[in-house]
1. Quick one: if the Förster radius is 30 Å, what FRET efficiency do V57 and E104 give, using the C-beta to C-beta distance and rounding to 0.05?
2. What's the local net charge at S15, with K and R +1, D and E -1, over the other residues with C-beta under 15 Å away?
3. Distance cut-off 29 Å, Cα to Cα: go down the list K23/K46; K2/K85; K85/K142 and report the pairs above it.
4. For the chain, find the longest principal axis of its Cα atoms and tell me its angle to the long axis of helix 27-36, 0 to 90°, nearest 10.
5. Let me check I've understood the local charge: for R151, count other residues with C-beta under 12 angstrom from its C-beta, Lys and Arg +1, Asp and Glu -1. What total comes out?
6. Can you tell me what percent of all Cα-Cα pairs in the stretch 16-59 are more than 13 Å apart?
7. State in Å² the accessible area per residue of the chain; use a 1.4 Å probe, count heavy atoms of protein chains only, and round to the nearest integer.
8. Which values, in whole Å and largest first, are the semi-axes of the equivalent ellipsoid of the stretch 96-154 obtained as the square root of 5 times each eigenvalue of the Cα gyration tensor?
Amino acid sequence: MKDVTYVYEALNWASSFLESKEKEAHAAVWLMEDLLGVEGIEFQLKRREELREDQKVSYQAAIERFIAGEPVQYISGQASFYGRKFNVNEHVLIPRPETEELIELALKLMQEQGFRAPKIADIATGSGAISVTLSLECKAAKVVATDISKRALEVASGNAKKLGATRVAFREGDLTGPLVGETYNVIVSNPPYIPIAEVEKLHEHVKNQEPHLARGWR
């Protein structure tokens with residue numbers, strides 16, 4: 001990234017570089033927003049600001065990681081979900097925007113059923129996106145989230161703490177195993193199991209980077 005001084009110049013370099021490698025050019029913007037810690041209008045106002053040398057080095061490294069097949073969310077360590085930022089790493093799947101529909105459906109059904117302080121179970125919680133979001137959107141709810149991965153639960157509990165979801169309990173175990181003998185008003189799960197035969201058809205960011213244990217490839 002030679003002869004680059006300003007933010008907009010780094011963006012132009014990164015976009016062209018990504019296009020030459022047949023990668024999504026808009027990743028240049030996402031990674032720059034993460035580097036500067038701003039987005040939207042505030043980001044636009046910084047386009048003509050100068051970059052420090054350490055920022056240039058970090059940005060080029062991030063672009064190269066993306067070209068190598070690492071998702072933007074793993075590079076930045078964060079993913080947006082239901083208007084909040086969740087920490088993510090290689091031990092959890094990246095929350096998908098379409099999963100927000102599950103949140104909307106669960107909230108709608110709880111309202112229709114008149115559940116004021118429901119007991120909610122989230123099976124295979126991963127990053128905790130579903131369990132934490134439901135807890136924050138339905139503050140009287142008691143939420144229990146399970147996952148077979150201890151490291152995933154560490155990420156999920158960290159997200160709960162960061163976002164102030166104090167009424168979520170996390171339990172290690174396979175699927176509903178940790179809930180045996182208990183009853184719940186609502187059970188939610190978004191298990192992303194994919195048949196082995198379909199693996200090679202996936203985008204490289206999913207196939208090569210996201211945790212195979214969470215995908216059910218055992």
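The values are calculated or read from the model by the stated rules, or taken from the named source; none is laboratory data. If you're wondering where the values come from, they're calculated on a predicted model, not measured in any experiment. FYI the Cβ positions are ideal-geometry reconstructions off the backbone, even for glycines, and counts take in every protein chain you see. Accessible surface areas use protein heavy atoms only, side chains included; no ligands, DNA or RNA. Shrake-Rupley method; radii C 1.70, N 1.55, O 1.52, S 1.80 Å.
1. 0.10
2. Summing Lys and Arg as +1 and Asp and Glu as -1 gives -3.
3. K2/K85
4. So the helix axis and the longest Cα principal axis differ by about 90 degrees.
5. -3
6. 60 percent
7. Here the per-residue accessible area is 55 Å².
8. 21, 13, 8
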